[in-house]
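Enquirer: One structure, pasted below without further comment.
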Amino acid sequence: MVGVLIRMRLRLLSHSLRGAARVGGFAAGAVLGLVSAVITAGAIAAAEAAGGTGLTAASLLFLVWTLGWLVAPILAAGSDETLQPEHFALLPVGPRKLALGLIAAAAVGLAPVMTLLAFAGLLVPAASRGAGPLAVAGVGAVLQAALAIVASRVVVGWLGSAMRSRRGRDLGVLLASGVMLLIIPAQMLLGSIVPVLVGAGDSALGEVLRLLPSGWAPGAVRAASAGQWPLAMGLLAALLVVVGLLTLLWSELLRRRLTTPSTGSGSVAKRAGGGWLERILPATPINAVMIKEIRLWWRDNRRRVSLLPGLLLGLAMPLFIGFGNGPGNAALPFAALFAIWLSMLNCGNLYGLDGAALRHTLVAPEVQHAEVRGRQLAWLAFVAPVVAVAALVLPAVAGQAGVYPWVLGVTAAVLGAASGVVVLLSVFTPFPVPQQRSNPFTAAGQPGFATGLKQFAMSVLLVVAAIPVLAVLITGTVLGNDWLLWSSVPVGVLSGVVSAWACGRIAVHRLRTWGPELLGVVQP
C-alpha cells in the first residue's frame, strides 16, 4: 500500500509539471527551498567552527523548522493533500494502513525533501565527533524530519475534526486566528529569552532546547559523543515512539474524517420577506450578487479561514511591533494597510472557492458586470469597517495625531485599489479549492510558487493607487500647508474609487473572454 501511494504521488507530481509556467514555478520553489536548507546547514557548520556550538544551533534551527511545519498550514489556509483520503474511503483499507501510506507519500515532495536536507546539517557537528555520533546524527535527522511532517498532519487533522459542526468551525477559525496572533509576541518573547540564555553560556541554551522533541536528535549526538550510548539510544527511541504515537493519532483523526458526516448549523427557517439586506437594498443584479457573497463569507468556513486570520494578523503585526518599540513607533498608525494587503492576498481566489458553481455564472447572459462589482462590494463590506476603525483609532493610540492625513488618505486609496485587485487576482491567478467542508485547512489546490509570485507582483497596483495621495502629502509637508495635507483624504477616496472601477472593468473583460478556461482551472 505504501509503495502504491508513493507511486501515485510521484505520478501526480509529474503530471502537474506541464507547461513552462508550472515547471518554472516548481524550479523557483526548489531553489528557494534549497537555499533555506543550505542556510540552515551552513549556520550549524558556522556555529560548530566558531565555538563548538553546532549542536545548540541545530536544536534551535530544528525548532524553527518544526514550528514552521505546524503553523504553515494555518498561515496559508491550506496544506498539501495531493492524495486526498476521501478518494480511498470505499477501499478495504484500514485507517492505520492508509494513514501510514499517506504519510509516506506526503514525504515525497519538495518541502519534505528540503526539510530533510536542512536537518542533515546535523551531520556537520557529528562528523568531528566520530563515526558513532555520525551514525546517530543520520538516524536522528530522518526521525526529526518525520516528526515535523507527522505533527503537521495531526494539527491539520485535529482542526478538521473540530470543524464537524458550525460552532466547531467558528471555533477553529478563531483558533487559527489566535495562533497567527501569537506568532509575533512569541517572537518578541524569544528575542528576550535567547540573549539571556546565551549570556548564561551555551550549556544553558542547549539544555533548554534539548528538552524539546525538536532537540532530541542533537541531544542524542551529544550523548553519543560523550560515550553515553544508553541515553543516545533512548532519545532516538523516544523520537521514534513520538512519531509512532502521532501516526496512530492521525489514523484515528483520519477514521473520523472518513466515517463521521459533517453536521451543519441545523435547519434554517425561511423568512417570508427575505433577510434584512434584501429589505434595505434596492433589487438590482449587483446587490443580489453582493448579498449572496456576504452570506457565503459569513457561512462558509473556507472563506472565513481565508479572510479572518489574514485580517487580524495584518492588524496585529504593526500593533505588536509598535508596543514592542514604544508608543511612538511609526508602523503602528498604518496597521490598516497591512490588514488590507494580507486580506487581499488571502481572498484573491474568489472563483476558486466557487469551483464548479462558476458554470452558473457563465451560462447566464450578461451577468459578468454584476458578478464582479457585487464581489467587490461584498469584500469591502467585511474589510472596510475593520480598516476604518483601525485608521481612526491607532494614530491616537500611538500618540501621533499628526499622521492622520497620511493614514486616512493612503488607506482610502489602498482600500479601493485592493477591492479591485482582489477580483483581478481571482480571474488572472485562480487555483482550484476542493469542496472539503469538514476541513478548510486541507486544500490540494494551493496556488504554487509561480502563482504566488504573480499575486505579490499584482500587489504593486496598491502602490500605484497611492502615488497621487503621496504626491499631495509630500507637497503639503514641504510647503507646511495643513489644508493641502488634509486634501489628500478626498484625493485618496477618488484614487481608490477610480482604481476599483478600473480593476473591476479589466476583471469583467477577463471573465467574459476567458470564462470557460477559468472554469477548467478552478474545477477540483
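Enquirer: Taking the condition of being farther than 18 Å from Ser499 by Cβ and under 22 Å from the mean Cα position of the chain (by Cα), how many residues in region 373-394 meet it?
Expert: Looking only at that region, the number is 2.
Enquirer: Same structure, new question: Name the one entry in Leu353, Leu392 that is without any contact (Cβ under 8 Å) to a residue 60 or more places away in the chain and either more than 24 Å from Trp514 (Cβ to Cβ) or of a type in the set (A, V, I, L, M) (or both).
Expert: Exactly one residue qualifies, and that residue is Leu392.
Enquirer: Oh, and also: Is it the case, given these coordinates, that Glu278 is at pLDDT 80 or above and acidic (Asp, Glu)?
Expert: no
Enquirer: If you take the residues in region 327-383 that are out of contact with any Gly (no Cβ under 7 Å at 6 or more places or on another chain) and of a type in the set (Lys, Arg), which one is farthest from Ala413 (Cα to Cα)?
Expert: Among them, the one singled out is Arg359.
Let's see how each residue does on (1) free of Cβ contacts under 8 Å to residues at least 40 places away in the same chain; (2) closer than 18 Å to Val108 by Cα; (3) within 23 Å of the chain's Cα centre (by Cα):
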{"position": "Met1", "(1), (2), (3)": "no, yes, no"}
{"position": "Met8", "(1), (2), (3)": "no, yes, no"}
{"position": "Arg11", "(1), (2), (3)": "yes, yes, no"}
{"position": "Val23", "(1), (2), (3)": "yes, yes, yes"}
{"position": "Ile39", "(1), (2), (3)": "yes, no, yes"}
{"position": "Ala45", "(1), (2), (3)": "no, no, no"}
{"position": "Ala50", "(1), (2), (3)": "yes, no, no"}
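Enquirer: Now, a different point. Being among the β-branched types (Val, Ile, Thr), under 23 Å from Val38 (Cβ atoms) and free of Cβ contacts under 8 Å to residues at least 60 places away in the same chain narrows it down to one residue among Val108, Val142, Val71, Val124; which is it?
Expert: Numbers: Val108 fails: free of Cβ contacts under 8 Å to residues at least 60 places away in the same chain; Val71 fails: free of Cβ contacts under 8 Å to residues at least 60 places away in the same chain; Val124 fails: free of Cβ contacts under 8 Å to residues at least 60 places away in the same chain.
Among Val108, Val142, Val71, Val124, only Val142 is among the β-branched types (Val, Ile, Thr), under 23 Å from Val38 (Cβ atoms) and free of Cβ contacts under 8 Å to residues at least 60 places away in the same chain.
Enquirer: How do the helices (runs of 4 or more DSSP H) wholly within region 101-209 filter down when requiring 1 or more residues that are modelled with pLDDT of 80 or more: which remain? Don't jump to the end; show me each part of the working.
Expert: Numbers: elements: 110-119, 123-127, 131-162, 166-199.
Correct list: 110-119, 123-127, 131-162.
Enquirer: If a residue has to be in a loop (DSSP other than H, G, I, E, B) and either buried (at least 17 other Cβ atoms within 10 Å of the Cβ) or modelled with pLDDT of 90 or more (or both) to count, how many in region 482-524 make the cut?
Expert: Quick first cut of region 482-524, residues in a loop (DSSP other than H, G, I, E, B) only: 487, 523-524.
Narrowing further to those that are either buried (at least 17 other Cβ atoms within 10 Å of the Cβ) or modelled with pLDDT of 90 or more (or both): 487.
Of the residues in region 482-524, 1 are in a loop (DSSP other than H, G, I, E, B) and either buried (at least 17 other Cβ atoms within 10 Å of the Cβ) or modelled with pLDDT of 90 or more (or both).
Enquirer: Still on this structure, I have one more. Within region 459-474, take every residue that is closer than 13 Å to Gly409 by Cβ and touching a helix residue (DSSP H, G or I) at 6+ places or on another chain (Cβ under 6 Å) and give me the one that is surrounded by the fewest Cβ atoms within 10 Å (Cβ to Cβ). First the steps, then the outcome.
Expert: Taking region 459-474 and keeping what is closer than 13 Å to Gly409 by Cβ, we get 465-474.
Next cut, touching a helix residue (DSSP H, G or I) at 6+ places or on another chain (Cβ under 6 Å) only: 465-466, 468-469, 472-473.
Numbers: Ala465: 27, Ala466: 23, Pro468: 17, Val469: 28, Val472: 22, Leu473: 23.
The qualifying residue surrounded by the fewest Cβ atoms within 10 Å (Cβ to Cβ) is Pro468.
Enquirer: Between a residue in region 226-242 that is over 13 Å from Gly140 (Cα atoms) and any residue that is modelled with pLDDT of 90 or more and among the acidic types (Asp, Glu), which pairs come within a Cβ distance under 7 Å, given they are 6 or more apart or on different chains?
Expert: Between residues of region 226-242 that are over 13 Å from Gly140 (Cα atoms) and residues that are modelled with pLDDT of 90 or more and among the acidic types (Asp, Glu), there is no close pair.
Enquirer: Quickly run through region 358-387 and pick out the residues that are without any contact (Cβ under 8 Å) to a residue 12 or more places away in the chain and at negative phi.
Expert: His360, Val363, Ala364, Pro365, Pro385
Enquirer: I've got another one for you. Go through region 351-403 and count every residue that is more than 16 Å from Arg295 (Cβ to Cβ), of a type in the set (A, V, I, L, M, F, W, C), out of contact with any Phe, Trp or Tyr (no Cβ under 6 Å at 6 or more places or on another chain) and buried (at least 20 other Cβ atoms within 10 Å of the Cβ).
Expert: Qualifying residue count for the region: 7.
Enquirer: Here's a follow-up. Of the residues that sit in region 84-100 and are hydrophobic (A, V, I, L, M, F, W, C) and not in a loop (DSSP other than H, G, I, E, B), which one is surrounded by the most Cβ atoms within 10 Å (Cβ to Cβ)?
Expert: Applying the filter and picking the extreme gives Ala99.
Enquirer: Step by step: first the residues of region 1-58, then only those that are surrounded by 19 or more Cβ atoms within 10 Å (Cβ to Cβ) and among the charged types (D, E, K, R), then the one that is farthest from Ser128 (Cα to Cα). Which residue is that?
Expert: Across region 1-58, the extreme among qualifying residues is Arg9.
Enquirer: Quick test of your reading of the structure: Ala443 fulfils all but one of (1) modelled with pLDDT under 90; (2) assigned to a helix (DSSP H, G or I); (3) in contact with an Asp or Glu (Cβ under 8 Å, 6 or more places away or on another chain). Name the failing condition by number.
Expert: It fails just one condition, (2).
Enquirer: Restricting to region 227-256, count the residues that are of a type in the set (Gly, Ala, Ser) and surrounded by fewer than 14 Cβ atoms within 10 Å (Cβ to Cβ).
Expert: 3
The values are calculated or read from the model by the stated rules, or taken from the named source; none is laboratory data. Note that the structure is predicted; figures quoted are calculated from it, not measured. As a convention, Cβ positions derive from the backbone with ideal geometry for all residues, glycine included, and neighbour counts pool all protein chains shown.
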